[in-house]
Structures are given as C-alpha cells and as structure tokens.
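See below for the structure under consideration.
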Amino acid sequence: MKERTERELAQSSIAENRKAYHDYHLLETFEAGLVLLGTEVKAIREGRVNLRDSFARVENGEVYLCNVHISPYSHRGYADHEALRPRKLLLHRDEIRKLIGKTVERGMTLVPVRLYFKKGRVKVAVSLAKGKKEYDKRETIKRRETDRETRAAIKSSKR
C-alpha cells in the first residue's frame with residue numbers, strides 16, 4: 001500500500017457530498033475559502049458538518065454557501081453560532097464573474113462537493129453542476145453494472 005505524502009495528509013477530507021455525484025453532472029470545480037466563526041472551525045475539526053442538500057448562491061457579486069449544517073461545538077461557553085446560516089465563499093473576482101455567467105445563462109447550479117483542510121484553513125470544493133434526469137441516473141447505474149460484469153468475466157477467464 002502506498003504511503004500518503006505529508007501534503008495529502010494535511011489535505012484530509014472533512015466532509016463529502018456523495019449525493020451530488022448521484023444527482024448532478026459535475027462540470028467544473030473551484031476551490032474556495034470560507035468565512036467562518038471560531039466555534040464553527042472548532043466544530044468542523046470535530047467533524048460536526050453535513051454537506052447534504054447544500055448549495056451555493058451568487059448574490060450582489062458575492063458567493064454564499066447555503067444549507068450547510070455545522071453543529072454547535074461541544075465545549076462552547078457563551079459563544080455559539082447558528083447551524084444553518086449562509087456563509088460567504090472567498091473566490092477571485094474573475095471566478096465569480098465566470099460563475100455568474102454560467103449560472104444565469106445556462107441554468108446551472110453551484111454544488112459543494114467536499115470540505116477539507118489545506119494548510120490549516122477550511123476550504124470547500126464547489127462544482128458547477130447540471131441536474132441529472134431520472135433516465136440519466138438509470139443509465140449511469142446500468143453502465144456501472146456492465147463494467148462490473150465485464151471485470152468479473154475478465155477475472156474469471158484469467159484463472
């Protein structure tokens with residue numbers, strides 16, 4: 001088994017949105033920083049975050065991450081945060097302009113795919129996505145099953 005490098009260990013994934021891979025065609029991914037409160041960062045370090053049903057929205061030239069549930073920190077005192085508040089994403093102006101153009105014109109969605117630490121900072125991978133239709137989902141499942149069957153057939157013929 002291959003050893004993971006120090007950089008890969010430092011960039012460990014906190015949370016993943018597996019449902020996004022099932023519900024959307026992910027076209028392009030952007031890395032963005034998050035504006036968080038101290039108790040939110042501590043709760044994320046504990047793994048108390050859920051990306052399911054979350055999305056990003058462009059408002060007034062800024063991008064906000066909505067519907068991300070960060071549970072309260074276990075050892076909090078008087079300081080607390082709202083679990084579902086919209087959080088601002090930190091992106092370059094050119095990237096925001098590109099996202100505005102694609103989400104408004106083509107009707108695409110911004111979906112957070114994974115949350116991770118990079119050099120001690122919380123980052124989120126946001127993908128430009130197009131919704132899958134029901135027949136697309138069935139087609140993906142069918143393709144996966146045929147690939148599995150062919151691998152099994154090749155494996156059994158080698159014996």
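The values are calculated or read from the model by the stated rules, or taken from the named source; none is laboratory data. These figures come from a predicted structure and were not determined experimentally. Using ideal geometry, Cβ is built from the backbone for each residue, glycine included, and neighbour counts are taken over all protein chains shown. Quick note on the areas: whole protein, heavy atoms, side chains included, nothing else; ligands and nucleic acids left out. Shrake-Rupley method; radii C 1.70, N 1.55, O 1.52, S 1.80 Å.
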(message) Pairs needed: first member in the stretch 79-105, under 16 Å from Tyr64 (Cβ atoms); second member anywhere, acidic (Asp, Glu) and part of a loop (DSSP other than H, G, I, E, B); C-beta distance under 7 Å; at least 6 residues apart or different chains.
(response) none
(message) Checking the conditions here, which among Lys130, Lys142, Lys137, Lys98 is open to solvent by 30 Å² or more (accessible area, probe 1.4 Å) and either under 19 Å from Val41 (Cβ atoms) or not in a helix (DSSP H, G or I) (or both)?
(response) Lys130
(request) Could you tell me which residue of the stretch 70-94 is least open to solvent (accessible area, probe 1.4 Å), considering only residues that are modelled with pLDDT of 90 or more, under 21 Å from Ala20 (Cβ atoms) and not hydrophobic (A, V, I, L, M, F, W, C)? (result) Arg87
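Are any residues in the stretch 16-68 under 11 Å from Pro86 (Cα atoms) and either within 14 Å of the chain's Cα centre (by Cα) or basic (Lys, Arg) (or both), and if so, which ones? First the steps, then the outcome.
Step one: filter the stretch 16-68 for residues under 11 Å from Pro86 (Cα atoms), giving 34-36, 54-57, 63-68.
Hits for the stretch 16-68 are Leu34, Ser54, Phe55, Ala56, Arg57, Tyr64, Leu65, Cys66, Asn67, Val68.
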(request) May I ask you to verify whether Arg121 is open to solvent by 40 Å² or more (accessible area, probe 1.4 Å) and without any contact (Cβ under 8 Å) to a residue 40 or more places away in the chain? (result) no
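Does Arg114 satisfy the condition of being among the basic types (Lys, Arg), open to solvent by 90 Å² or more (accessible area, probe 1.4 Å) and either within 23 Å of Ile14 (Cβ to Cβ) or part of a helix (DSSP H, G or I) (or both)?
no
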(request) State the number of residues belonging to the stretch 44-54 that are open to solvent by 60 Å² or more (accessible area, probe 1.4 Å) and either touching a strand residue (DSSP E or B) at 6+ places or on another chain (Cβ under 7 Å) or at pLDDT 90 or above (or both). (result) 2
(message) So in the stretch 33-74, with the set limited to residues that are among the β-branched types (Val, Ile, Thr) and not in a helix (DSSP H, G or I), which one is farthest from Lys118 (Cα to Cα)?
(response) Val58
(message) Looking at Leu99, Leu65, Leu84, Leu89, can you tell me which residue is of a type in the set (A, V, I, L, M) and touching a Ser or Thr at 6+ places or on another chain (Cβ under 8 Å)?
(response) Leu65
(request) Report yes if some residue within the stretch 9-21 is open to solvent by less than 30 Å² (accessible area, probe 1.4 Å), at pLDDT below 85 and out of contact with any Cys (no Cβ under 6 Å at 6 or more places or on another chain); otherwise report no. (result) no
